[in-house]
Amino acid sequence: MSNAQDATNLLFVFMLAAFLGFQLIKRVSPLLHSPLMSLTNAIAAVVIVGAIMVTGEHDATPVARTLGFVAVVAATINAVSGFLITDRMLKMFRRKGD
Amino acid sequence: MTVLQSSNAVLVQAAYLVASGLFVLALMWMSSPKTARRGVRAGELGMLIAVCGTLLHSGVVQYDLIFVAILLGTLIGVPMAFLMPMTAIPQRTAISHAFGAMAVGLIGAVEYGKLAPTQGAGSFTVWALMFEILLGLLTCTASVVAFAKLQEIMPTRPIMFKGQQVLNLAVFLGALACAGVMIASPANTTPFPFFVALALVFGVLLVLPIGGADMPTVIALLNSYAGLAASAMGFALGNKLLIVVGALDGTSGFILAMVMCKAMNRSFTNVLFGGFGQAAPAGSGGGEERAHRSYTAEEAAPMLEMASSVVIVPGYGMAVSQAQHRVAELYEHLEECGVEVKFAIHPVAGRMPGHMNVLLAEADVPYDKLVELEDINPELPQTDVVLVIGANDTVNPAARDDPSSAIAGMPIIEADRAKQVMIVKRSMNAGFAGIDNPIYYKDNAGMLFGDAKKVAEHLVKELQELAA
């Protein structure tokens, strides 16, 4: 597959995911906007995937491994604390009598 | 070995596919409080699958540092999640945007160092890397400044100086020029340090002129940038999982920022170029002393008790004095007295989207009592008492009545249309926007001076005595 084709494929994925995102987020009640932001923040920590690749490569330079290490730590903090805090917030949302 | 590698590659892609699906489900389930916690579970599972999939990747061979980093991150993240007070949620959100964006920027820098020499002029990968690094780094420093403002390490007022916009534009164009040079000749890495420095500085400059009350929009926008940076990383690495997640987060932050702007009747550019409320001219009638009435808690409590309907309008002042638990007690006492109580939530009340809802939910106010702006306004003319606690600009009738007001056209909670309005406020000083609020001088309005928490405590005490 050529580079141009690769790039187009990726842009297709981006476009469709963005449209999906608009549809999904529009339906979230303003009541939950804080937990929503906290959740998307936790999910964005999926950049840990890139950080792991950078850190674990066999020919990674010491600089690359150091920066990768910091990135893995930062992303892990976000993922762990993000999901836990979101859940803590959501636990508090109760109806009368629940 | 090659068979193993290709079966590995299939496994990794399958893990990413499943993880993407789970993240989509997570956002879908966030639509309602009933399913939202299931959404968190889906997100956690998605993350676990994505991480495990990546560890299986044939390119990943050195695990030592990775495991140490994950352990360290978990050791920091878990206590952070449990010890963080709910009032600090806006700050936490800002600083975690900074962490996430920093990770993106660092990975981008490493990838650039590795890939740049192998790329041809104008290569798609270098384009993506430039976007990734620019967005990652500027979001990182911008989020740090937002954090400092929210934590009040820095003044929350807009910081403006002469030639600010020219400087901002110059720094931004400078960063773009560096990126342009590196895209045109990837082997030439000389501009890279300048590019990094300019991107970092631009992030700081971006948030300096933005004041405290505009933070909901800014945090939402930074959320969006952090997402887009992840997408850019996906483009650079050819990783569809990152592209999907980044696009979902990017749109989420963008939609929230639009909701915030609409709730203030302002445009993105107006918020971003900031300085709002810095030198807001006094509205009509400014200068002359106008009479306002003031109530004591002893006078106010019986009025609340005898009302058949009360609407409470909370604002940032409630968060500042951490009054949400006392306000919730007040709500409970009034309900016991047979008063129908609701809370009116303005979209931009507080420092991030949904801030008031989280605080009141924390204080055990049922979420069906939290009513949105459009739904509460039609009910207000029939409401006996509106109690404004720490809100100011969001109930300012000048936004509706005075076209020359700095906040003209901003949707407000029409507290002034209720039979009685009581405003809990520390003093007669103007609110964030520096705009006078005519609601204080209306015939049906009265002030309850004092700290929100103390006043709520007083009211509860008075209600208890009335009941006894």
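For this structure, a couple of remarks:
- Checklist (1) without any contact (Cβ under 8 Å) to a residue 40 or more places away in the chain; (2) out of contact with any Cys (no Cβ under 9 Å at 6 or more places or on another chain) applied to B:MET102, failing item: (2)
- Restricting attention to segment B:367-413 and to residues that are charged (D, E, K, R) and within 28 Å of A:PRO35 (Cβ to Cβ), the residue that is modelled with the lowest pLDDT turns out to be B:ASP393.
- Which numbered condition B:HIS355 fails, given (1) closer than 20 Å to A:ARG94 by Cα; (2) touching a strand residue (DSSP E or B) at 6+ places or on another chain (Cβ under 7 Å): (2)
- Residues satisfying the criterion are absent from segment A:71-84 (criterion: out of contact with any helix residue (DSSP H, G or I) (no Cβ under 6 Å at 6 or more places or on another chain) and facing chain B (nearest Cβ under 7 Å)).
- B:LYS262 being modelled with pLDDT of 95 or more and surrounded by fewer than 22 Cβ atoms within 10 Å (Cβ to Cβ): no
- Residues being in a helix (DSSP H, G or I) and crowded, with 19+ Cβ neighbours inside 10 Å - total across segment B:330-362: 12
- Leading residue by the ranking (farthest from B:ALA128 (Cα to Cα)) among those in segment B:233-266 that are within 7 Å of another protein chain (Cβ to nearest Cβ) and part of a loop (DSSP other than H, G, I, E, B): B:ASN239
- Pick from segment B:18-66, criterion outside any loop (DSSP other than H, G, I, E, B) and among the aromatic types (Phe, Trp, Tyr), ranking: farthest from the other protein chains (Cβ to nearest Cβ): B:TRP29
- Across segment B:216-225, the number of residues qualifying as within 7 Å of another protein chain (Cβ to nearest Cβ) and either out of contact with any helix residue (DSSP H, G or I) (no Cβ under 7 Å at 6 or more places or on another chain) or under 16 Å from A:ALA17 (Cα atoms) (or both) comes to 0.
- Condition met for A:VAL63 (facing chain B (nearest Cβ under 7 Å) and within 30 Å of B:VAL60 (Cα to Cα)): no
- Scanning segment A:1-56 for residues that are surrounded by fewer than 24 Cβ atoms within 10 Å (Cβ to Cβ), facing chain B (nearest Cβ under 7 Å), assigned to a helix (DSSP H, G or I) and of a type in the set (S, T, N, Q) yields a single hit, A:ASN3.
- In segment B:27-40, the count of residues that are within 24 Å of A:VAL54 (Cα to Cα) and either surrounded by fewer than 19 Cβ atoms within 10 Å (Cβ to Cβ) or in the same structural domain as B:ASN239 (by TED's automatic domain parsing) (or both) is zero.
Listed here are the residues, each with its yes/no results for (1) within 9 Å of chain A (Cβ to nearest Cβ); (2) surrounded by fewer than 23 Cβ atoms within 10 Å (Cβ to Cβ).
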residue: B:VAL78; (1), (2): yes, yes
residue: B:ALA81; (1), (2): yes, yes
residue: B:MET86; (1), (2): yes, yes
residue: B:PRO90; (1), (2): yes, no
residue: B:HIS97; (1), (2): yes, no
residue: B:GLY105; (1), (2): yes, no
residue: B:GLY108; (1), (2): yes, no
residue: B:TYR112; (1), (2): no, no
residue: B:GLY122; (1), (2): no, yes
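- When segment B:132-167 is filtered for residues that are assigned to a helix (DSSP H, G or I) and either farther than 17 Å from B:LEU272 by Cβ or among the small types (Gly, Ala, Ser) (or both), the ones remaining, listed by number, are B:GLU132, B:ILE133, B:GLY136, B:LEU137, B:CYS140, B:ALA142, B:SER143, B:VAL144, B:ALA146, B:PHE147, B:ALA148, B:LEU150.
- Any hit, segment A:59-68, residues being buried (at least 20 other Cβ atoms within 10 Å of the Cβ), free of Cβ contacts under 8 Å to residues at least 40 places away in the same chain and assigned to a loop (DSSP other than H, G, I, E, B): yes
Each row is one residue, and each column tells you yes or no for (1) free of Cβ contacts under 8 Å to residues at least 40 places away in the same chain; (2) among the basic types (Lys, Arg); (3) not in a loop (DSSP other than H, G, I, E, B).
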| site | (1), (2), (3) |
| --- | --- |
| B:ASP364 | yes, no, no |
| B:PRO378 | yes, no, yes |
| B:VAL388 | no, no, yes |
| B:ALA399 | no, no, yes |
| B:ALA406 | no, no, no |
| B:ASP416 | yes, no, yes |
| B:LYS461 | no, yes, yes |
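- Exclusive hit being within 26 Å of the chain's Cα centre (by Cα) and modelled with pLDDT under 90, set B:THR74, B:THR87, B:THR118, B:THR93: B:THR87
- Filter result for B:VAL421 (closer than 24 Å to B:THR156 by Cα, touching a strand residue (DSSP E or B) at 6+ places or on another chain (Cβ under 9 Å), modelled with pLDDT of 95 or more and surrounded by 19 or more Cβ atoms within 10 Å (Cβ to Cβ)): no
The values are calculated or read from the model by the stated rules, or taken from the named source; none is laboratory data. These numbers come from a predicted model, not from an experiment. Virtual Cβ from ideal backbone geometry, glycine too; neighbours counted across all protein chains shown.
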